[in-house]
Amino acid sequence: MRCPCNSGEDFQGCCAKYLGGNSDGTVAYPPTAEALMRSRYTAFAVGDTSYLLRTWHPDTRPAELELDPDQQWYLLEILSTSRGGYFDDDGVVGFRASYRSAANRKLRDSLTETSSFIRQGKQWLYVDALEIH
Ligand SMILES: [Zn+2]
């Protein structure tokens, strides 16, 4: 299966190792803010709320998270990135995420957001949305 984040990679070779850890039990960390953003989009697409919560900064993380099962995320486009690289501790990623209704696949909409991220040790964390369109 292709990775839901639209990287063009196989799911196992892309976001799966972040969501579920490696098959040998070790945990892999997305190396950049964009990679974390992509893995969180994938978590939305596959309904992995525990990954979403553990990659959310504790200061802004909701106590619990329920995803709308009618929302099918089908496309991620990265629009911009600023910092968020291997040697940065913070970064900003702009993206557009598109979804459709499971009940009526003709109903489609998208979310365009500019998100901020910080890195704590090896782990990039989502902080909040700077802008939502
Ligand atoms: Zn991916």
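Throughout, read-outs are computed from the coordinates displayed, never taken from laboratory work. Since we're looking at a predicted model, the values are computed, not measured. Using ideal geometry, Cβ is built from the backbone for each residue, glycine included, and neighbour counts are taken over all protein chains shown.
Kirkwood-type hydrodynamic radius, region 35-76: 10.8 Å, calculated from all non-identical alpha-carbon pairs.
Between Gln123 and Asp88, the modelled labels are 2.1 nm apart [label points 7 Å from Cα along Cα→Cβ]. Along the chain, the exposed loop sites are chymotrypsin sites (Phe, Trp or Tyr not before Pro) outside DSSP states H, G, I, E and B with at most 14 other Cβ atoms within 10 Å, and the longest stretch free of them is 1-85. The length gained by stretching the chain between Ser98 and Glu64 to full extension, at 0.36 nm per residue less their Cα-Cα distance, is 9.9 nm. For the pair Gln72 and Thr26, the difference between a 0.36 nm per residue extended length and the Cα-Cα distance amounts to 13.6 nm.
Computed on the Cα atoms alone, the convex hull of region 16-132 gives a volume of 105 cubic angstrom per residue.
What residue among Leu79, Leu19, Leu36 has the largest mean-square fluctuation in a Gaussian network model of the chain, using Cα springs under 10 Å? Fluctuation is largest for Leu79. A P(r) calculated from all alpha carbon pairs of region 1-63, with 10 Å bins opening at zero, reads 23, 56, 19, 2 percent.
In percent, what relative contact order does the chain have, based on Cα pairs under 8 Å that are 6 or more apart in sequence? Across the chain, relative contact order equals 21 percent. What you get for the chain, charging only the Cβ of Lys and Arg (+1) and of Asp and Glu (-1), is a dipole of about 340 debye around the Cα centre.
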